[in-house]
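Novice: This is the structure, below, for whatever I ask next.
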Amino acid sequence: MDKKSDIGLIGLAVMGENLALNIESKGFTVSVYNRTISKVDKLIEGRAKGKNFIGTHSMEEFIKSIKQPRKIILMVKAGKPVDAVIDEIIPHLSKGDILIDGGNTYFKDTERRLKKVEEKGLMYIGTGVSGGEEGALKGPSIMPGGHKEAYEELAPILTKIAAQVKGEPCCDYMGPGGAGHYVKMVHNGIEYSIMQTIVEAYDFMKDVLNLSAKEQARLFSKWNDDVLGSYLIEITGKILAKVDKETGKAIVDLILDEASQKGTGKWTSQNAMDLGVPIPSIDAAVQARFISAYKTERVKASKILSGPEIEFAGDKDKFVEMVHDALYASEILAYAQGLSLLTEASKQYKFNLNIGNIAKIWRGGCIIRSKLLGSITEAYENNPELPNLLFDEHFSGILNTRQDALRKVVQMANKCGIPFMVTGTSLAYYDSYRKERLPANLIQGQRDYFGAHTYKRIDKEGIFHTEW
């Protein structure tokens, strides 16, 4: 084979195929391989026809088609399939070749694989890629971590295929080991929280304010032009506006209310518990998806468990404004919790994360891209040692002025029996974080009573125990 490619890609599901097309569109030749060979042929004869692609039918042919040092992106399903591909490909590689895992991989698996390929003289980059199918094709947010020298070799490609905001690529080196996949994991945790607080606002306006999907579509479209502007707000408006051609009803009203998940939100919650970092809004968002899956039980429970009658006699327009401000506050609190987890993880795992840079590369391409991220970037550029976003004057000011709306909306939701798992939890997080003295003193008293676990005092140094 005379012609050699600049980079290879294994895995031609939608994300892999779109990413390959993105890379080729930026002036690179791409080798592609898939275990199901027909997918290779379909791409080469279809969307890739006449373009700079090399389609291959075996792993050996694929490896030989790539320039050395080889750069190979794995876009295969997370878990055992990644290990299987690595085991198959290693015997064909040469010292200095680079493997890039672009899937939603658990960061500790990335670190295990990095050590494994390192022993073979190879380099490894665990890369978070966010933006969905469209982002993969047109420019995602890219979060690479692992071998720094490998990233430097890859940077000319990754920075070109990433989303661009104000002339800057939404791609930067995150840190060593599993840092890249860790950052993507937390990105997804924040995504869970923001998605849930949006749907809670939708649910409140539907059941309490009696707004139709069409009316809400107009609201979300309007909100996308103000401080709430974001990808998730934008698509929410479009989803609510979509009408089913067969029934004439809003499609959202016909979708079964069971939310699926791929596990990244759960990983975020589990890891935060391991590190002792409070991210209750993200935890609640994961739980909200779990309870949505209990559809059969919920249908039965709705027949036997009572709740309050929904009665609203207030100013509807005024409450819509309060829902807007409550949603704004909840989104800020979601970012604050996720970024505080990144801050602590950076210390404990020695990732040396640059939180400002992370916020910067999230401004475009990714699912949680929003206008807020510009101000978040500035907050961490002004103070890289910021322990929590809530200490930034800009954001503390927003929450100080919006918290009243958040309280009133949560209060009305509780009064009407509307579940506010994330929005209500976000308010509790805010109140807990701002409270100088929490009732944990009584917990320590209880622990000392039943288990002699001891306690500290506020009036003197030392460790104490009481004979209760």
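Novice: Restricting attention to region 6-57, which residues are over 27 Å from the mean Cα position of the chain (by Cα) and of a type in the set (Ser, Thr, Tyr)?
Specialist: Thr29, Ser31, Tyr33, Thr36, Ser38, Thr56
Novice: Is at least one residue of region 40-52 within 27 Å of Phe107 (Cα to Cα), part of a helix (DSSP H, G or I) and free of Cβ contacts under 8 Å to residues at least 12 places away in the same chain? Step through it out loud before you land on a result.
Specialist: Taking region 40-52 as the starting set, the residues that turn out to be within 27 Å of Phe107 (Cα to Cα) are none.
No, region 40-52 has no match at all.
Novice: Could you count how many residues in region 410-468 are more than 25 Å from Gln337 (Cβ to Cβ), out of contact with any Phe, Trp or Tyr (no Cβ under 8 Å at 6 or more places or on another chain) and small (Gly, Ala, Ser)?
Specialist: Number satisfying all stated conditions: 4.
Novice: Before we move on, is Tyr192 assigned to a helix (DSSP H, G or I), free of Cβ contacts under 8 Å to residues at least 60 places away in the same chain, surrounded by 14 or more Cβ atoms within 10 Å (Cβ to Cβ) and not β-branched (Val, Ile, Thr)? Let's see the steps before the verdict.
Specialist: Values: assigned to a helix (DSSP H, G or I): yes; free of Cβ contacts under 8 Å to residues at least 60 places away in the same chain: no; surrounded by 14 or more Cβ atoms within 10 Å (Cβ to Cβ): yes; not β-branched (Val, Ile, Thr): yes.
No; evaluated as a whole, the condition is false for this residue.
Novice: A further question follows. Limited to region 114-152, what total is found for residues that are surrounded by fewer than 16 Cβ atoms within 10 Å (Cβ to Cβ) and in a helix (DSSP H, G or I)?
Specialist: 9
Novice: Taking the conditions exactly as written (modelled with pLDDT of 95 or more and crowded, with 22+ Cβ neighbours inside 10 Å), does Val186 satisfy them or not? Spell out the reasoning first.
Specialist: Details: modelled with pLDDT of 95 or more: yes; crowded, with 22+ Cβ neighbours inside 10 Å: yes.
Yes: the conditions hold for Val186.
Novice: Taking the options Ile125, Ile98, name whichever one is within 14 Å of Ile10 (Cα to Cα), of a type in the set (Val, Ile, Thr) and in contact with an Asp or Glu (Cβ under 9 Å, 6 or more places away or on another chain).
Specialist: Details: Ile125 fails: within 14 Å of Ile10 (Cα to Cα).
Going through Ile125, Ile98 in turn, just one is within 14 Å of Ile10 (Cα to Cα), of a type in the set (Val, Ile, Thr) and in contact with an Asp or Glu (Cβ under 9 Å, 6 or more places away or on another chain): Ile98.
Novice: Out of region 263-295, which residues are modelled with pLDDT under 95 and of a type in the set (Val, Ile, Thr)?
Specialist: Across region 263-295, the qualifying residue is only Thr264.
Novice: Would you call Met15 modelled with pLDDT under 95, in contact with a strand residue (DSSP E or B) (Cβ under 9 Å, 6 or more places away or on another chain) and loosely packed, with under 14 Cβ neighbours inside 10 Å? Even if it seems obvious, please write down each step before you answer.
Specialist: Working: modelled with pLDDT under 95: yes; in contact with a strand residue (DSSP E or B) (Cβ under 9 Å, 6 or more places away or on another chain): yes; loosely packed, with under 14 Cβ neighbours inside 10 Å: no.
So Met15 fails the test.
Novice: Does Gly79 count as in the same structural domain as Glu153 (by TED's automatic domain parsing), surrounded by fewer than 20 Cβ atoms within 10 Å (Cβ to Cβ), free of Cβ contacts under 8 Å to residues at least 40 places away in the same chain and within 20 Å of the chain's Cα centre (by Cα)?
Specialist: Working: in the same structural domain as Glu153 (by TED's automatic domain parsing): yes; surrounded by fewer than 20 Cβ atoms within 10 Å (Cβ to Cβ): yes; free of Cβ contacts under 8 Å to residues at least 40 places away in the same chain: yes; within 20 Å of the chain's Cα centre (by Cα): yes.
Against the criterion (in the same structural domain as Glu153 (by TED's automatic domain parsing), surrounded by fewer than 20 Cβ atoms within 10 Å (Cβ to Cβ), free of Cβ contacts under 8 Å to residues at least 40 places away in the same chain and within 20 Å of the chain's Cα centre (by Cα)), Gly79 qualifies.
Novice: Is it true that some residue in region 37-53 is buried (at least 19 other Cβ atoms within 10 Å of the Cβ), out of contact with any helix residue (DSSP H, G or I) (no Cβ under 8 Å at 6 or more places or on another chain) and either modelled with pLDDT of 95 or more or within 21 Å of Pro144 (Cα to Cα) (or both)?
Specialist: Applying the first criterion (buried (at least 19 other Cβ atoms within 10 Å of the Cβ)) to region 37-53 yields 40, 43, 48, 53.
Pick out the ones that are also out of contact with any helix residue (DSSP H, G or I) (no Cβ under 8 Å at 6 or more places or on another chain) and you get 40.
Narrowing the set further to residues that are either modelled with pLDDT of 95 or more or within 21 Å of Pro144 (Cα to Cα) (or both) leaves 40.
Scanning region 37-53 turns up at least one residue that is buried (at least 19 other Cβ atoms within 10 Å of the Cβ), out of contact with any helix residue (DSSP H, G or I) (no Cβ under 8 Å at 6 or more places or on another chain) and either modelled with pLDDT of 95 or more or within 21 Å of Pro144 (Cα to Cα) (or both).
Novice: Based on this model, can you work out whether Ser221 counts as surrounded by fewer than 18 Cβ atoms within 10 Å (Cβ to Cβ), of a type in the set (S, T, N, Q) and on the phi < 0 side of the Ramachandran plot?
Specialist: Working: surrounded by fewer than 18 Cβ atoms within 10 Å (Cβ to Cβ): yes; of a type in the set (S, T, N, Q): yes; on the phi < 0 side of the Ramachandran plot: yes.
Taking the combined requirement at face value, the residue satisfies it.
Novice: Return the only residue of Gly338, Gly314 being within 30 Å of Ser221 (Cβ to Cβ), of a type outside the set (A, V, I, L, M) and not in a helix (DSSP H, G or I). Step through it out loud before you land on a result.
Specialist: Values: Gly338 fails: not in a helix (DSSP H, G or I).
Unique residue meeting the criteria: Gly314.
The values are calculated or read from the model by the stated rules, or taken from the named source; none is laboratory data. These numbers were taken from a predicted model, which means no experiment stands behind them. No Cβ is skipped: glycine too gets one built from the backbone with ideal geometry, and neighbour counts run over all protein chains shown.
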